[in-house]
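The values are calculated or read from the model by the stated rules, or taken from the named source; none is laboratory data. Since this is a predicted model, take the numbers as computed values, not measurements. Quick reminder, even Gly has a Cβ in these numbers, built from the backbone with ideal geometry, and neighbours come from all protein chains shown.
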Amino acid sequence: MQEEQLRPRFPRRNHLPALNGPVGLAAKKAHDLGRTHIAATSTIEEIRDLTIAAISAPPDSLLMSTSSVLGTGNDWVSDEYVLADLTVPHVVWHATILSTSSSAPSSPIPMLINCGLPSVLIREDIIEHFQLHRIKLSQPFPLGNTWGSGREDAHEWAKLHITSPDFSWSSISCQAIIVPSLCAPVILCNPFLKFNHLVLDISAGSLMDKCTQCNILIDVPRPPLSPPPTSPAERRREAKEMHHIQAQFFLG
């Protein structure tokens, strides 16, 4: 009996009063007063934008010996050792246009080598001089306003077949767009270089044929012509004439 009297007696769940209205608010307020409130705080340091103006390094350090790393603005260390040219001359090749319909002498003309254009260009007066056959384009070829003549499209092309001055190398025929004016008689561009397997080296000033490994800008010296072979009858006749000449010389 004493243990049952000391044991705490909790009310049953179904006998608990509903905490609503004034009674519920008073109970919630009394419950919140007994809580310990903790505020979470954080300290955000101010981030400053820093700009590095210069780097200080000893004169004998590896960093100072590196070219063009440190400088005073406009003066670069590399300028003391390397001076790039402002302009580089064009690669010009003197070649001959082959034409079966022209009576004009086939003399070499200057042709500009350019690997920055998508098509071969030929001047209109060259077409007339060599009497090359004109062919209509399936659609106009845009030229832009580079020539400043108001003409923005090309409508004709011609088949171009050229050879070196000494006839040691000849090209595969390619299509050339006919333009009214041009800085050179012919500009040989990407299609010509691609289909003829040519590699342009501006620093060396060479135009190498990948198939023969020859620089076609340099004339290849021709070997001396050997006398044509003679038949046995001709050799016997020459020997007889030589014997007759020798006999006359010794007898005389």
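Working carefully through the options LYS210, LYS194, find the one that is at pLDDT 80 or above, surrounded by 10 or more Cβ atoms within 10 Å (Cβ to Cβ), out of contact with any strand residue (DSSP E or B) (no Cβ under 8 Å at 6 or more places or on another chain) and not hydroxyl-bearing (Ser, Thr, Tyr).
Unique residue meeting the criteria: LYS194.
Has the range 225-244 got at least one residue that is within 34 Å of the chain's Cα centre (by Cα) and at pLDDT below 75?
no
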